Amino acid sequence: MPEANPPSPHAPEVSRPHEPAQKAPAVKEVHIIWVTAGLSCDGDTVSTTAATLPSIEDVVMGNIPGLPKVHLHNPVLSYEVGEELMKYWYMAAEGKLDPFVLVIEGSIPNEKIKKEGYWAAQGTDKETGQPITTCEWIDRLAPKAWAVVCAGTCATYGGIHAMQGNPTGAMGLADYLGWNWRSTAGIPIVNVPGCPVQPDNMMETVLYLLYQAAGLAPMIPVDDKLRPTWLFGKTVHEGCDRAGYYEQGDFAHEYGSPKCLVKIGCWGPVVNCNVTKRGWMDGVGGCPNVGGICIACTMPGFPDKFMPFMDEPPGAKISSAAIGSYGRMIRFLRAFTNHTSNNEPKWRHPRPELTTGYHPTTYAPPGKSPQRRSVFAKL
Ligand code: SF4
Ligand code: SF4
């Protein structure tokens, strides 16, 4: 074995007190109770499995410095099934899992309007033998939750199930609990919309709340629609790969074109969503970037206010007509400049004379001014 090098005599003396490398989290363990029993397709859970920043695996395996130990209970992802899984729901409702983060996936049906049966439920009441409705689980769990997160547009604002004409009276969680609702830690409902939710948006929000539970992050900032401000503060259009085409008034009129998609139904200019900047999986994708129109799936007015999906948005007719005439002139001028800047300057040649315009100053005899010539004299 080679011997270790002795410390350099010039190295500064560093005192190393026996302190841990990082601050211990304020809580040792956090449970996540993820209810997938709203009206939904489980697509938000499936989408979240694609997260990389961070991945679910890194969070639950303890690979992220500073986090408490995380126990994830999700009917689609957990090994436990049936009563083995449901015991965590009962423990949380009885205040025996403290703290826990409640994740709601799927829209909330209105159980008060039906004549019989139920719209959505999970588990069976041991005393009555009846299903426990999703609304009842929310009533039991939300008052005990350290924080509540809505995964996807169904849970946040109602989504597809809450369209005009639906029979269930479906709504988002904030419509059900109230927009000013606060958790036991004083945290508002945190909405992460998307149909489905963008994987890293979901896991980054969960990570933020876990850091907040650990005492390592301030109150999560959310906007008036309860979305994390750093994720939903910009529009699709502001991050779109095709925005250069829009600005030049160069529009696609059929799918498969690399140009701006506004004429074939893209709502990107008025939609709060970051997937054109963030991509979908591991930085790749993001609807318009890869050829799909933005149908505004993150928005509280989705879907009714954006249908029919493949028509040009009404507001886009005026803006695209205005940008169209400006864009034609700009495109012509840019094509001209592009042509000239695609040619090298004429002094780059192998001939035996120097034509760069380099003319050093010559020193004049005493009493005479030095001769100066512009370096551009021979261009
Ligand atoms: S494709 Fe949509 S988001 Fe992209 S530049 Fe065009 S209108 Fe904007
Ligand atoms: S770009 Fe539009 S359709 Fe795509 S995820 Fe964002 S809001 Fe939804």
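The values are calculated or read from the model by the stated rules, or taken from the named source; none is laboratory data. Computed from a prediction, not measured in an experiment: that's the story for all the values here. FYI the Cβ positions are ideal-geometry reconstructions off the backbone, even for glycines, and counts take in every protein chain you see.
Here is a list: Ala316, Ala243. Which entry is modelled with pLDDT under 95, more than 17 Å from Gln198 (Cβ to Cβ), of a type outside the set (S, T, N, Q) and near ligand 1 (Cβ under 8 Å from one of its atoms)?
Ala316
Report yes if some residue within segment 295-314 is more than 16 Å from ligand 2 (Cβ to nearest atom), within 33 Å of the chain's Cα centre (by Cα), surrounded by fewer than 12 Cβ atoms within 10 Å (Cβ to Cβ) and assigned to a helix (DSSP H, G or I); otherwise report no. Give the derivation first.
Applying the first criterion (more than 16 Å from ligand 2 (Cβ to nearest atom)) to segment 295-314 yields 314.
Among the residues that remain, those that are also within 33 Å of the chain's Cα centre (by Cα) are: 314.
Narrowing the set further to residues that are surrounded by fewer than 12 Cβ atoms within 10 Å (Cβ to Cβ) leaves 314.
Filter once more, keeping what is assigned to a helix (DSSP H, G or I): 314.
For segment 295-314, residues more than 16 Å from ligand 2 (Cβ to nearest atom), within 33 Å of the chain's Cα centre (by Cα), surrounded by fewer than 12 Cβ atoms within 10 Å (Cβ to Cβ) and assigned to a helix (DSSP H, G or I): present.
Out of all the residues in segment 271-315, which are closer than 14 Å to His237 by Cα and charged (D, E, K, R)?
Selection gives Lys277, Arg278.
Hey, Ser325 hits all of (1) within 16 Å of ligand 1 (Cβ to nearest atom); (2) under 23 Å from Glu254 (Cβ atoms); (3) of a type in the set (Ser, Thr, Tyr); (4) surrounded by fewer than 14 Cβ atoms within 10 Å (Cβ to Cβ) but one; which does it fall short on?
Condition (1) is where Ser325 drops out.
Kindly evaluate Asp282 against the criterion of being touching a residue at least 24 places away in the same chain (Cβ under 8 Å), closer than 25 Å to Thr48 by Cβ and either among the acidic types (Asp, Glu) or surrounded by fewer than 20 Cβ atoms within 10 Å (Cβ to Cβ) (or both).
yes
For segment 265-275, give me each residue that is near ligand 2 (Cβ under 7 Å from one of its atoms) and either free of Cβ contacts under 8 Å to residues at least 40 places away in the same chain or assigned to a helix (DSSP H, G or I) (or both).
Gly268, Val271, Val275
Let's see how each residue does on (1) within 30 Å of Pro65 (Cβ to Cβ); (2) more than 16 Å from ligand 2 (Cβ to nearest atom); (3) among the aliphatic types (A, V, I, L, M); (4) not assigned by TED's automatic domain parsing to the domain that holds Cys154:
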| position | (1), (2), (3), (4) |
| --- | --- |
| Leu216 | yes, yes, yes, no |
| Val222 | yes, yes, yes, no |
| Cys240 | no, no, no, yes |
| Pro258 | no, yes, no, yes |
| Lys277 | yes, no, no, yes |
| Met281 | yes, no, yes, yes |
| Gly285 | yes, no, no, yes |
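Being of a type outside the set (S, T, N, Q), away from ligand 1 (no atom under 16 Å from the Cβ) and either over 25 Å from Ile32 (Cα atoms) or in the same structural domain as Asp58 (by TED's automatic domain parsing) (or both): is that true of Tyr208 here?
On the way: of a type outside the set (S, T, N, Q): yes; away from ligand 1 (no atom under 16 Å from the Cβ): yes; either over 25 Å from Ile32 (Cα atoms) or in the same structural domain as Asp58 (by TED's automatic domain parsing) (or both): yes.
Considered against the rule, which asks whether it is of a type outside the set (S, T, N, Q), away from ligand 1 (no atom under 16 Å from the Cβ) and either over 25 Å from Ile32 (Cα atoms) or in the same structural domain as Asp58 (by TED's automatic domain parsing) (or both), Tyr208 comes out as yes.
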